[in-house]
Amino acid sequence: MNTLLKTISIISIVSICGLSFFNWMWCDDFQFESWLQSLEILEVMWNMYNNWDGRALSIFTFLQMLSIKLLPHKVTVLIWTFVYILFVGALIKLQKEIKLNLITIGFISVVFFYGFFIHISETVYWAVGGIYILMALFGILWLILVNQVFEYQKNIAAFYIISFVTFISTPNLTIPLFSYVIINIIIDMINRNKKNYLHFIYLFFILLFSITIIVVSPGTQIRTQQAGFSIDFLQLLKNLYGIIIRYFYYSRYIILLAILSNLILYSFKIENNRKTNDRLLANLLYHAKWLLIAFSSVLPLVFVPNDASARTALFFMIFIFLFTNHIVSLILNYLELKLNMRILNLLILSAFIIHLVVITNHYSVAYNINNQMNLRDNYLTSVNKSDTIFVEPLKFSEIPFSLNIEKYELTASSDSWINNEWEAYYKIKTIILKDTINQKTTLENNR
């Protein structure tokens, strides 16, 4: 049974990564490709920092643009799926409650594939958006390293440099890591533990410096104004409440899957023998830290609620998964359940089989749309660039959540920013999606 589970786990991982070969360019992919055709990577990063995004001066943006500039689109997306699998492995390593092996990596990869249904098309299967899963990987690796480095008191200077690189990512990740540092400082103060106290203080100031670089950028100022920046206290509270409720709704499947995966992976559990003399408040903080950190990931968005989207919920969902997993593990350990390992292994096998059946439909639709997109690309490459070009709509019956077609497909309006990015990439005056009812009116208005 173990060999069978390992084999089907590998097949499941390959099925998740393989979808990248049926992915196409969308939305900002065209804009980034256009920029990088005429400018160097550092020039694009500097322009973004000054005109749109304070996060642009990061190693993550550099790696994102390097892959887009040098690699075919599908290879870039494939790399993001590899990063996704590494992220899953790092998350298992961080929890220290489930054995890290091929079966658990494959199973949790499947869990997150469906748990992330609301945004996986934008955080993994998107050349530009894959930066989100890359930042998530670095964030989890940082959480793994921070305790190891301070415990053994080695390579601390190098870790501070890694910390700075990680912190200049996105406030949705930086603030949670900031919260992790604050919580550990408070726990150390309560327990009067001075061993790592100064290290966490140093990290606190590195975090402040990193956040400042992002916040004071001209691009951040422009973006926050356009996103509806507000400092009204009551409005901020309403924004906080609204975003948390929305993000919990986005996380409904990841919470359910965290509970089920704890039960199903019971045979891979690592016994938690954590003994502590911590005071009551310190213990409460320890057990609630992932929930508090999840809430903190929302804080940057309360000032710019229009920026709260499915993909920015990624970090909230990760920490909610960790919190749910931790609490369920505590309950299972307390109950000392004796579960039939043969039945659990059959459940794992069944979950893998169900996944392979479902993802087959993703492949079927993705293959069909990829062929249509190849035809569209050949057409747009060969047409007269000075004409107004009408493009046939894509034909499909349903869209799997791993594809973001409906959100970023061409429109029947010549004023659409999505159309404008296609036009810039193909160097065509006007591109419009065919609309049999409004085509004539659209053309006349365009003239």
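The values are calculated or read from the model by the stated rules, or taken from the named source; none is laboratory data. Only a predicted model underlies this, so the values are computations on that prediction, with no experimental measurement involved. In this analysis, Cβ positions are derived from the backbone assuming ideal geometry, glycine residues included, and neighbour counts consider all displayed protein chains.
Values computed for the structure shown
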item	result
Residues satisfying the stated conditions in the stretch 384-427, i.e. among the aromatic types (Phe, Trp, Tyr), surrounded by fewer than 16 Cβ atoms within 10 Å (Cβ to Cβ), under 16 Å from residue 24 (Cα atoms) and over 22 Å from the mean Cα position of the chain (by Cα)	396
Counted residues, the stretch 1-28 - those being among the charged types (D, E, K, R) and either under 26 Å from residue 65 (Cα atoms) or within 25 Å of the chain's Cα centre (by Cα) (or both)	1
Matching option when the condition is among the β-branched types (Val, Ile, Thr), buried (at least 19 other Cβ atoms within 10 Å of the Cβ) and at pLDDT below 85, among 442, 436	442
Residue match in the stretch 162-184 (condition: at negative phi, outside any helix (DSSP H, G or I), of a type in the set (Gly, Ala, Ser) and out of contact with any Gly (no Cβ under 6 Å at 6 or more places or on another chain))	yes
Which numbered condition residue 137 fails, given (1) part of a loop (DSSP other than H, G, I, E, B); (2) free of Cβ contacts under 8 Å to residues at least 60 places away in the same chain; (3) under 16 Å from the mean Cα position of the chain (by Cα)	(1)
Residues of the stretch 209-255 that turn out to be part of a helix (DSSP H, G or I) and over 20 Å from residue 52 (Cβ atoms), as a count	23
The stretch 114-128 - residue that is hydroxyl-bearing (Ser, Thr, Tyr) and buried (at least 24 other Cβ atoms within 10 Å of the Cβ) and, of those, farthest from residue 400 (Cα to Cα)	123
Given (1) surrounded by fewer than 23 Cβ atoms within 10 Å (Cβ to Cβ); (2) in contact with a Leu (Cβ under 7 Å, 6 or more places away or on another chain); (3) not charged (D, E, K, R), number of the condition residue 132 does not satisfy	(1)
Top-ranked residue of the stretch 365-383 - restricted to ones that are without any contact (Cβ under 8 Å) to a residue 40 or more places away in the chain, more than 27 Å from the chain's Cα centre (by Cα) and surrounded by 15 or more Cβ atoms within 10 Å (Cβ to Cβ), ranked as nearest to residue 414 (Cα to Cα)	376
Residue match in the stretch 189-198 (condition: assigned to a helix (DSSP H, G or I) and either in contact with a strand residue (DSSP E or B) (Cβ under 8 Å, 6 or more places away or on another chain) or surrounded by 17 or more Cβ atoms within 10 Å (Cβ to Cβ) (or both))	no
Criterion: in contact with a Phe, Trp or Tyr (Cβ under 9 Å, 6 or more places away or on another chain) and assigned by TED's automatic domain parsing to the domain that holds residue 92 - qualifying residue of 348, 331	348
Residues within the stretch 351-371 that are aromatic (Phe, Trp, Tyr) and outside the structural domain of residue 121 (by TED's automatic domain parsing), tallied	2
Those residues of the stretch 303-346 which are assigned to a helix (DSSP H, G or I), crowded, with 16+ Cβ neighbours inside 10 Å and of a type in the set (A, V, I, L, M), in sequence order	313, 314, 317, 318, 320, 322, 327, 328, 332, 344
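Listed here are the residues, each with its yes/no results for (1) assigned to a loop (DSSP other than H, G, I, E, B); (2) buried (at least 20 other Cβ atoms within 10 Å of the Cβ); (3) modelled with pLDDT of 95 or more.
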{"site": "10", "(1), (2), (3)": "no, no, yes"}
{"site": "16", "(1), (2), (3)": "no, yes, yes"}
{"site": "29", "(1), (2), (3)": "no, yes, no"}
{"site": "34", "(1), (2), (3)": "no, no, no"}
{"site": "37", "(1), (2), (3)": "no, no, no"}
{"site": "50", "(1), (2), (3)": "no, no, no"}
{"site": "94", "(1), (2), (3)": "no, no, no"}
{"site": "103", "(1), (2), (3)": "no, yes, no"}
{"site": "112", "(1), (2), (3)": "no, yes, yes"}
